[in-house]
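Just below is one structure, and these are the notes that go with it.
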Amino acid sequence: MKLEQICASNNDLFGLDHDGEVYQYNFSTHTWKKLGQGWSGGDAAPEVGGKPTDASPKSRRGVPRAAN
């Protein structure tokens, strides 16, 4: 297995392979564990952890209007 990308935080280490499979490093056993099914493309990435976030603001009150 060759990882294409690695992401690290204070306590976790994740890797992504060429096929889109995600792995998490186990520091106790010094091995990589496959976390789930990879995403093979399509229109949009699958939802993870509930509803997708909405980038638009919920309220426009107090926001100045754009000049025409």
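The values are calculated or read from the model by the stated rules, or taken from the named source; none is laboratory data. These numbers were taken from a predicted model, which means no experiment stands behind them. Here Cβ is always computed from backbone atoms with ideal geometry, including for glycine, and neighbour counts include all displayed protein chains.
Can you name every residue in the stretch 11-25 that is of a type in the set (A, V, I, L, M) and under 12 Å from Met1 (Cα atoms)?
Leu16, Val22
Do any strands (runs of 3 or more DSSP E) lying entirely in the chain carry at least 1 residues that are in contact with an Asp or Glu (Cβ under 9 Å, 6 or more places away or on another chain), among the aromatic types (Phe, Trp, Tyr) and at pLDDT 90 or above, and which ones are they?
Qualifying strands (runs of 3 or more DSSP E): 22-26.
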